[in-house]
Amino acid sequence: MGSLTLVTVSCEKYYEPTTSIDEESALTNAGDVETATIGTYAVLLNAAYVRSVHFLMEYPSDEVAQGQSSGDDLTRAYRYTHINTSGHATNFWGQAYKVIAAANKIIAYVPDESSITLRQLKGENLYLRAMMHFNLVRVFGRPYPQENGNNPGVPLLLDGLSDDQINTITRSSVKDVYESVIQDLLKAADLMSENKSNSFASKEVAQALLSRVYLYKGENDNAIKYVDLVIKSGRYKLVQGGEYSSYFKTAPASNPETIFAIRHTKVQDRAFSAIGSMYFSADASGTPQGQGVSGWAEIYASKKYVDFLSKNPDDLRNNFVSPYTINGALQYNVKLSPSTPMYYVNKYSMQEGVINLSSPVYLRLAEMHLIRAEANAKLGKTALALEDVNLIRQRAGLTGDKLYTVANLGTKKALDVVMEERMLELAFEGHRSYDLFRNNLPMERNYPGTHSLNNTPTTNVNQKVLPTDPRVIFFIPQAEIDRNAKLTQNP
């Protein structure tokens with residue numbers, strides 16, 4: 001393999017990961033490694049991954065309201081009525097392990113002492129493997145603080161396993177999955193030295209995900225350590241004013257706050273099958289319209305979220321919610337009783353002027369500041385926690401008494417305001433239910449939505465999901481258990 005170090009690989013392709021994985025082709029040189037890596041990134045674009053994982057991660061939250069039942073399995077994700085044949089859980093599981101298996105080929109093939117280019121590619125694949133294992137263990141394994149990570153997690157698919165072993169692999173503990181993710185990210189950060197566009201992994205991308213993993217694990221000092229490394233790298237900045245208001249309409253490569261996003265180009269517009277189609281319907285100018293014009297528009301910003309956000313009308317984050325009005329009158333979806341106000345979400349719409357085009361953001365600088373704020377709050381460093389919270393609030397246009405001081409917290413604790421700020425800032429990006437459950441907090445809905453169909457009478461809009469509830473995680477797909485009898489099911 002020593003000859004690998006002599007080959008220089010063009011990075012021209014690194015801006016459009018559109019090639020599909022060729023699972024049968026053998027790796028024979030550095031060009032193959034580059035091509036295969038681009039193909040692995042391309043799996044993230046598959047609707048079976050990017051759309052399904054969004055439904056599984058975001059729809060169980062209290063930021064969204066489903067306005068009508070759907071025959072699609074996304075309804076069960078929203079209502080917490082999971083089944084072991086969930087289409088979206090099955091999709092996500094299959095796609096995630098496809099990425100991991102493809103990454104493993106490259107991780108095994110490239111020696112650590114290779115050229116800078118090959119070390120970079122190996123690091124990127126280690127990052128992808130870590131990202132998939134982390135997403136999987138959050139969806140199918142209980143929050144780390146429960147039993148200190150000793151609950152069943154997901155199978156760890158690592159290099160060196162034969163096909164026979166893969167078919168008999170058991171579930172590793174949540175703790176062991178986290179440890180593997182951390183080791184992969186540490187090694188990835190060590191191997192990578194190229195500053196590629198934010199559609200690809202780099203040292204800072206690995207460090208950013210490390211900070212999130214450590215926060216979820218409860219290692220607050222380590223979470224802060226890796227946030228500091230990302231911020232001090234100088235690669236990213238919080239966008240301001242109008243640039244912030246149009247954050248999600250900007251292609252990732254042009255956005256200096258985005259650390260890692262799943263880049264979709266104009267030719268990858270999913271139309272009615274896009275994530276944004278579930279949240280938004282509009283005319284060509286982006287003006288909200290009734291359901292079915294450009295999208296299904298069945299999932300709204302919850303009244304709970306809108307009421308909380310609108311306490312500060314000058315908060316720029318109001319721009320990410322689009323009320324559907326006719327002649328100035330807010331429209332209601334009358335398919336539920338009580339009816340649901342139609343506050344569309346536009347974080348997944350109008351990228352580059354295309355109604356349903358978006359590049360879902362996985363990591364961004366604002367989250368880094370909020371990770372550091374949460375970690376400092378838990379370490380009792382209130383002033384430092386509030387400093388980061390205020391930085392995010394100021395960016396959102398809030399000033400004066402809308403900013404926090406140790407003196408004006410009142411009955412709130414620093415962690416309370418951090419959690420509120422995470423809800424405001426990171427809404428609809430797949431964080432909220434994890435934020436609640438890993439902090440041993442319930443998810444409480446007190447607004448119209450199809451979750452009321454779980455109740456008698458169905459006009460009772462209240463739903464409270466405790467962090468210990470069996471259904472804060474999803475069932476292992478039955479198809480996988482049928483294939484591998486060693487996989488145990490979640491209770």
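Determine whether Ile299 is of a type in the set (A, V, I, L, M, F, W, C) and open to solvent by 50 Å² or more (accessible area, probe 1.4 Å). No, not satisfied. If the condition is being within 30 Å of Gly67 (Cβ to Cβ), out of contact with any strand residue (DSSP E or B) (no Cβ under 7 Å at 6 or more places or on another chain) and not polar (S, T, N, Q), then the stretch 78-134 contributes Arg79, His82, Ile83, Gly87, His88, Ala89, Phe92, Trp93, Gly94, Ala96.
Restricting attention to the stretch 317-345, the residues that are more than 22 Å from Met419 (Cα to Cα) and crowded, with 20+ Cβ neighbours inside 10 Å add up to 9.
The single condition among (1) open to solvent by less than 50 Å² (accessible area, probe 1.4 Å); (2) within 22 Å of the chain's Cα centre (by Cα); (3) more than 30 Å from Leu403 (Cβ to Cβ) that Glu352 does not meet is (1).
Being closer than 16 Å to Val239 by Cβ, without any contact (Cβ under 8 Å) to a residue 12 or more places away in the chain and of a type outside the set (A, V, I, L, M, F, W, C) holds for only one residue in Gln394, Gln351, and it is Gln394.
Could you say whether any residue in the stretch 415-435 is out of contact with any Lys or Arg (no Cβ under 9 Å at 6 or more places or on another chain), assigned to a loop (DSSP other than H, G, I, E, B), in contact (Cβ under 8 Å) with a residue 24 or more places away in the chain and closer than 21 Å to Val154 by Cα? Yes, the conditions are met somewhere in the stretch 415-435.
Just to be sure I understand the filter: pairs with C-beta atoms under 7 Å, separated by 6 or more residues or on different chains, first member in the stretch 281-300 and over 17 Å from Val334 (Cα atoms), second member outside any loop (DSSP other than H, G, I, E, B) and open to solvent by 60 Å² or more (accessible area, probe 1.4 Å). Which pairs pass? Qualifying pairs under 7 Å: Gly295/Phe272.
The sole residue among Gly286, Gly276, Gly290 that is buried (at least 22 other Cβ atoms within 10 Å of the Cβ) and of a type outside the set (Asp, Glu) is Gly276. Evaluated against (1) touching a Leu at 6+ places or on another chain (Cβ under 8 Å); (2) open to solvent by 50 Å² or more (accessible area, probe 1.4 Å), Pro442 falls short on exactly one condition, (2). Inside the stretch 62-89, residues that are farther than 27 Å from Met342 by Cβ and within 18 Å of the chain's Cα centre (by Cα) make up a count of 1. Screening the candidates Leu121, Leu128 for the property of being over 21 Å from Ser52 (Cα atoms) and surrounded by 23 or more Cβ atoms within 10 Å (Cβ to Cβ) yields one hit, Leu121. Whenever a residue of the stretch 56-85 is of a type outside the set (A, V, I, L, M), its partners that are modelled with pLDDT under 95 and open to solvent by 10 Å² or more (accessible area, probe 1.4 Å), lying with C-beta atoms within less than 7 angstrom and at least six residues away or across chains, give the pairs Gly67/Lys335; Gly67/Leu336; Gln68/Lys335; Gln68/Leu336; Thr75/Ser69. Each residue in the stretch 411-436 was checked for being within 19 Å of Asn376 (Cβ to Cβ) and open to solvent by less than 30 Å² (accessible area, probe 1.4 Å), and 12 of them qualify. Only one entry in Pro442, Pro448 is modelled with pLDDT of 95 or more and over 21 Å from the mean Cα position of the chain (by Cα), namely Pro448.
Looking only at the stretch 462-479, count how many residues are surrounded by 19 or more Cβ atoms within 10 Å (Cβ to Cβ) and either out of contact with any Lys or Arg (no Cβ under 7 Å at 6 or more places or on another chain) or of a type in the set (Asp, Glu) (or both). Residues meeting the conditions: 6. In the stretch 451-461, the qualifying residues are those that are surrounded by 12 or more Cβ atoms within 10 Å (Cβ to Cβ) and in contact (Cβ under 8 Å) with a residue 60 or more places away in the chain, and the one that is farthest from the chain's Cα centre (by Cα) is Thr458. Starting from the stretch 197-215, keep only residues that are closer than 11 Å to Glu124 by Cα, then list their pairs with residues that are in a loop (DSSP other than H, G, I, E, B) and open to solvent by less than 10 Å² (accessible area, probe 1.4 Å) whose Cβ atoms are within a distance under 6 Å, requiring at least 6 positions of separation or different chains. Once the first residue is closer than 11 Å to Glu124 by Cα and sits in the stretch 197-215, its partners that are in a loop (DSSP other than H, G, I, E, B) and open to solvent by less than 10 Å² (accessible area, probe 1.4 Å) give Ser202/Met192; Lys203/Met192. Tallying residues that are open to solvent by 40 Å² or more (accessible area, probe 1.4 Å) and of a type in the set (Gly, Ala, Ser) within the stretch 247-265 yields 2.
Of all residue pairs spaced 6 or more apart or on separate chains, those with beta-carbon atoms under 8 Å, a first member in the stretch 464-491 that is within 15 Å of His82 (Cβ to Cβ) and a second member that is in a helix (DSSP H, G or I) and of a type in the set (D, E, K, R) are Val465/Arg471. Counting only helices (runs of 4 or more DSSP H) that sit completely within the stretch 19-112, those holding 3 or more residues that are over 20 Å from Ala274 (Cβ atoms) and in contact with a Phe, Trp or Tyr (Cβ under 9 Å, 6 or more places away or on another chain) correspond to 30-43, 87-109. Checking His133, His88 one by one, the residue that is open to solvent by less than 10 Å² (accessible area, probe 1.4 Å) and closer than 30 Å to Thr75 by Cβ is His133 and no other. Considering each residue of the stretch 399-410 in turn, none proves to be in a strand (DSSP E or B) and either touching a strand residue (DSSP E or B) at 6+ places or on another chain (Cβ under 6 Å) or open to solvent by 10 Å² or more (accessible area, probe 1.4 Å) (or both). Going by what's in this entry, would Val99 be described as modelled with pLDDT of 95 or more, surrounded by 23 or more Cβ atoms within 10 Å (Cβ to Cβ), under 30 Å from Pro341 (Cβ atoms) and within 21 Å of the chain's Cα centre (by Cα)? Taking the combined requirement at face value, the residue does not satisfy it.
The values are calculated or read from the model by the stated rules, or taken from the named source; none is laboratory data. For clarity, every value in this text was computed on a predicted model and none was experimentally measured. Backbone-built Cβ (ideal geometry, glycine too); neighbour counts: all protein chains shown. SASA here: full protein model, heavy atoms, side chains in, ligands and nucleic acids out. Shrake-Rupley method; radii C 1.70, N 1.55, O 1.52, S 1.80 Å.
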